[in-house]
Amino acid sequence: MENKRNFFLTLSGAILAVSVIIVIVAVLRNKSSVIPGLSKNDILKRSIVSNPFGKLEQFKTDDEFVSYMQQNSATGYFGGGVGFSESFEMKTAPRATLDRSNLLVPQMGSDVAERVSQTNVQVLGIDEPDVIKTDGTNLFYSTPYVYYRSGNPVPLMEKQSANPADVADMTVRSDEVPSVGRIMPPDEMPQKPTGGVASIKVFPPKSMEKTATVQASGDLLLTKNTLIIFDESNYPKREIAAYDVTDASRPKKKWSIPYAQNTYKVQARLYRDKLYLVTRLIVDGAPVCPLPLFDTKKTGTSIRCADVYHPVTPVSDDTVYTVSVINTANGDIEKNASFTGSTSEAVIYMSKDALYLTYYYSGDIAKIMYGFVIQNTDLFPASVVDKLAKLQEYDISQQSKLNEVTSLLSRFMAIMDKDKRLETENNMQNRMKKYMADNARELGKTGIVKIHIDNLDIDTTGEVPGKVLNQFSLDSYKDHLRIATTIGQNSWFGNFGRLTESFSDVYVLDSRLRVTGFVKDLGKTEQIYSVRFMADRAYVVTFRQTDPFYVIDLSKPNTPELKGELKIPGYSSYLHPLTTDIILGIGKDSDKVKLSLFDVSNPENPQETDTFIMDEYWSEALDNHHAFLADEKHEVFFLPGTKGGYVFSYKGNKLNMVKAVSDFEVQRAIYINNYLYIIGQQSIVALDENNWQRIGELDLMQ
């Protein structure tokens, strides 16, 4: 029983160390920043903009890199660092009217479509990978591999061909019958014959046909006549492959880049016919230099350890992230830039001028603990204060310092009698909660690194309090970076639970990533569920029990202003501008998908003009904007559900379902001219947008 008690004492000390520590630097900074005579911006720069990293720098030697990674590996609860989510963030283009980034107008001609939709992206001119791509005549559609009992995907029949190119490409035309093939034994047969990237002639819609299938599976990008496939589920053969689809019925492999064993794609973007690829290399144990990125002899497929960047102040790092610029014509890797980081907690954002890497981190554990102790000396003996002061001078990692702090506090608590221990625990918890509430913006921060897009050189660094949600939380506009973050709700284990209430901020930074203005304290006790920046405005949704929809005026970067607020039931997790004055919100109310139309023509008084509660509990558009499609000409939009695909009209600022297509697993929709194609895993249905009648259908299972 006593051993169990000692265990909880040690755990309590660890919890206290972690929880209290994250707070103290805040007070030390706030004390030095509140100086009479300083302007609001001066105080802000002292209390918020002081980046503890200062800058990123490269390692001096390979040995220094190895030592750094071994000493600063991620530690779960206590970590921060340069981490990356599965988003590759893009700048929102300036627009006074609706963003037409999903519209492609091919060269006019009798046999060429005049109006073609593209993937719903955040930034005009920068494409994002998705499972569907089209050139206006052909549709390229990636479906998952079928996995057999052996756990590895294989084709139904292994084609034998006299054409080595066909074998290398693993490409089979739909009108070809393999001359020789090995029939899969019964224990290897799939449940249904799906998988691969299908090339489908979809225009005109009455004569749709599948013309070829490439045995690969993953997100796609299409540039000119080159189709790029991120074939990452075909373990162990994971690669990026490019196919010439000039003749879409006979795709021919142009080049491929196999991933190294521990390298994985985070995300990618296509800009000016260049592929910007972000990968992460998980460092397991002692790293081996140089670091392998790809399993090929091409130049740039490995990284010198001494070329990797890292924060000046060590943080929790277990991963190396690399931004690679790849020539889509030949697969040459033209440039690389690598950074240490952790496996989560941040995103990447790219404009047409710069690449922004963001990372989330907590404060210096030992410093924060020391600051709390010196402000509460009545709770701690002088010996504890003295030992914590000396700990600041040790040249050891933050994790090592945390271990020392935990051990010190555990010994301090263990020598008390039960009554004194109970009293001290209650006093410490009470003061810590108050302290964290007063200094919540110091608990966690998002660091930002700005990199030139042409040469991948680091430009500058900055930081803001809190954590970003996703790619739509960042936006670059008129030489300013805008970023929305949520602060608080740090959920630590043990008795302390949630130590701070959450709230959200929007910050404006200049070209040197210095904060010029802010709007603070949005949605107290709530967190951000969606953000959309449009020119001089930001629209932010926070949620806990209701859905506050905020309209923020960003026209003056030094003094942004909260203009309007609307509270409604449910929440919106994706916001899409249908017009300059109408914002569509896709979210949920209770357990149903909810659509909302927000009229923001008067920013001081936003209105929810109409809603539609769907008989669906989920739509992929809730967390993947690629699943959404808007057609401005016909004033309609599409989104998939679990039961089918749905087309809604928003004419007259009213929501009206004009078509539902059921009975198959709907994935996406595209439009070509006045035809809407609803694409599922089993079939494609073509609709006439003038009357919503079916005019063509293709069974993909045949």
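The values are calculated or read from the model by the stated rules, or taken from the named source; none is laboratory data. Please read these numbers as outputs of a predicted model, since none were measured by experiment. With ideal geometry, Cβ positions are generated from the backbone for all residues, glycine too; neighbour counts draw on all protein chains shown.
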Q) For the range 612-655, how many residues meet the condition of being within 28 Å of the chain's Cα centre (by Cα) and of a type in the set (S, T, Y)? A) 4
Q: Taking S362 as the residue in question, decide whether it is crowded, with 20+ Cβ neighbours inside 10 Å, within 24 Å of G488 (Cβ to Cβ) and among the small types (G, A, S).
A: yes
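Restricting the range 642-691 to residues that are of a type in the set (F, W, Y) and touching a strand residue (DSSP E or B) at 6+ places or on another chain (Cβ under 6 Å), which is farthest from D130 (Cα to Cα)? Walk me through how you get there before you give the answer.
From the range 642-691, those of a type in the set (F, W, Y) are 646, 648, 650, 664, 671, 675, 677; that's our starting set.
Those left that are additionally touching a strand residue (DSSP E or B) at 6+ places or on another chain (Cβ under 6 Å): 646, 648, 664, 671, 675, 677.
Details: Y646: 20, F648: 23, F664: 20, Y671: 16, Y675: 21, Y677: 16 Å.
Here the answer is F648.
Suppose we keep only residues that are within 13 Å of R280 (Cβ to Cβ) and crowded, with 22+ Cβ neighbours inside 10 Å within the range 304-321. Which one would you say is modelled with the lowest pLDDT? So that I can check it myself, show each step before the final result.
Our first condition is that a residue be within 13 Å of R280 (Cβ to Cβ); within the range 304-321, this holds for 308, 317-321.
Next, from what is left, pick out any that are crowded, with 22+ Cβ neighbours inside 10 Å: 308, 317, 319-321.
Working: V308: 93, D317: 74, T319: 85, V320: 90, Y321: 89.
Among those that are within 13 Å of R280 (Cβ to Cβ) and crowded, with 22+ Cβ neighbours inside 10 Å, it is D317.
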**Q.** Residues that are surrounded by fewer than 21 Cβ atoms within 10 Å (Cβ to Cβ) and under 20 Å from the mean Cα position of the chain (by Cα), drawn from the range 281-303
**A.** I282
Q) Considering only residues of the range 583-604 that are surrounded by fewer than 23 Cβ atoms within 10 Å (Cβ to Cβ) and among the polar types (S, T, N, Q), which is farthest from V647 (Cα to Cα)? A) N602
Q) Can you pull out the residues in the range 365-383 that are over 17 Å from N427 (Cα atoms), surrounded by fewer than 21 Cβ atoms within 10 Å (Cβ to Cβ) and either at pLDDT below 80 or touching a helix residue (DSSP H, G or I) at 6+ places or on another chain (Cβ under 8 Å) (or both)? A) K367
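I'd like to verify a number: residues in the range 520-540 that are out of contact with any Leu (no Cβ under 7 Å at 6 or more places or on another chain) and buried (at least 16 other Cβ atoms within 10 Å of the Cβ), how many? Break it down stepwise before answering.
The initial filter retains those residues of the range 520-540 that are out of contact with any Leu (no Cβ under 7 Å at 6 or more places or on another chain), namely 520-527, 529, 533-535.
Then keep just the ones that are buried (at least 16 other Cβ atoms within 10 Å of the Cβ); that gives 522-523, 526-527, 529, 533-535.
Counting residues in the range 520-540 that are out of contact with any Leu (no Cβ under 7 Å at 6 or more places or on another chain) and buried (at least 16 other Cβ atoms within 10 Å of the Cβ) gives 8.
Could you grab me the full set of residues in the range 647-683 that are more than 19 Å from L595 (Cα to Cα), of a type in the set (A, V, I, L, M, F, W, C) and modelled with pLDDT of 95 or more?
Taking the range 647-683 as the starting set, the residues that turn out to be more than 19 Å from L595 (Cα to Cα) are 662-665, 670-683.
Then keep just the ones that are of a type in the set (A, V, I, L, M, F, W, C); that gives 664, 670, 672, 676, 678-679.
Matches in the range 647-683: I670, I672, L676, I678, I679.
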Q. In the range 517-543, how many are more than 17 Å from S596 (Cβ to Cβ) and of a type in the set (V, I, T)?
A. 2
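What about A414, is it within 30 Å of R482 (Cβ to Cβ) and in contact (Cβ under 8 Å) with a residue 40 or more places away in the chain? Steps first, answer last, please.
Numbers: within 30 Å of R482 (Cβ to Cβ): no; in contact (Cβ under 8 Å) with a residue 40 or more places away in the chain: yes.
When the stated conditions are applied, A414 does not pass them.
Report whether or not M436 is modelled with pLDDT of 85 or more and buried (at least 18 other Cβ atoms within 10 Å of the Cβ).
On the way: modelled with pLDDT of 85 or more: no; buried (at least 18 other Cβ atoms within 10 Å of the Cβ): yes.
The answer is no for M436.
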Q: Would you check which residues across the range 421-449 are acidic (D, E) and within 33 Å of the chain's Cα centre (by Cα) and list them?
A: D438, E442
Q | Subset of the range 496-515 that is over 22 Å from S573 (Cβ atoms), out of contact with any Lys or Arg (no Cβ under 7 Å at 6 or more places or on another chain) and in a loop (DSSP other than H, G, I, E, B) - its residue that is modelled with the lowest pLDDT | A | G497
Q) If you go through the range 606-636 one residue at a time, how many are in a strand (DSSP E or B) and free of Cβ contacts under 8 Å to residues at least 60 places away in the same chain? A) 8
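I'd like to check which strands (runs of 3 or more DSSP E) are fully inside the range 230-303 and have at least 1 residues that are modelled with pLDDT of 90 or more, more than 18 Å from K335 (Cα to Cα) and of a type outside the set (S, T, Y). Write out each step before concluding.
Numbers: elements: 239-244, 252-258, 263-271, 274-282.
Hits in the range 230-303: 239-244, 252-258.
Specify the residue that is nearest to Y68 (Cα to Cα); the eligible residues are those in the range 412-424 that are surrounded by 14 or more Cβ atoms within 10 Å (Cβ to Cβ) and not hydroxyl-bearing (S, T, Y). Quick ask: steps written out before the conclusion?
Step one: list which residues in the range 412-424 are surrounded by 14 or more Cβ atoms within 10 Å (Cβ to Cβ), which gives 412-413, 416, 421, 424.
Now narrow it down to the ones that are not hydroxyl-bearing (S, T, Y): 412-413, 416, 421.
Working: F412: 32, M413: 33, M416: 39, R421: 39 Å.
Filtering first and then ranking leaves F412.
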Q | Conditions (1) in a helix (DSSP H, G or I); (2) surrounded by 14 or more Cβ atoms within 10 Å (Cβ to Cβ); number of the one not met by N427 | A | (2)
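Can you tell me which of K401, K445, K387 is crowded, with 20+ Cβ neighbours inside 10 Å and either at pLDDT 85 or above or not in a helix (DSSP H, G or I) (or both)? Outline the logic, then answer.
Values: K401 fails: either at pLDDT 85 or above or not in a helix (DSSP H, G or I) (or both); K387 fails: crowded, with 20+ Cβ neighbours inside 10 Å.
Within the list K401, K445, K387, the selection yields K445.
If you take the residues in the range 109-166 that are of a type in the set (S, T, Y) and either out of contact with any strand residue (DSSP E or B) (no Cβ under 7 Å at 6 or more places or on another chain) or not in a strand (DSSP E or B) (or both), which one is modelled with the lowest pLDDT?
Step one: of the range 109-166, the residues of a type in the set (S, T, Y) are 110, 117, 119, 134, 137, 141-143, 145, 147-148, 150, 161.
Okay, now just the ones that are also either out of contact with any strand residue (DSSP E or B) (no Cβ under 7 Å at 6 or more places or on another chain) or not in a strand (DSSP E or B) (or both), so 110, 119, 137, 145, 147-148, 150, 161.
Numbers: S110: 39, T119: 97, T137: 96, Y145: 72, Y147: 52, Y148: 46, S150: 44, S161: 33.
Top of the filtered list is S161.
Listed residues V531, V593, V551; which is of a type outside the set (S, T, N, Q) and out of contact with any helix residue (DSSP H, G or I) (no Cβ under 9 Å at 6 or more places or on another chain)?
On the way: V531 fails: out of contact with any helix residue (DSSP H, G or I) (no Cβ under 9 Å at 6 or more places or on another chain); V593 fails: out of contact with any helix residue (DSSP H, G or I) (no Cβ under 9 Å at 6 or more places or on another chain).
Going through V531, V593, V551 in turn, the sole match is V551.
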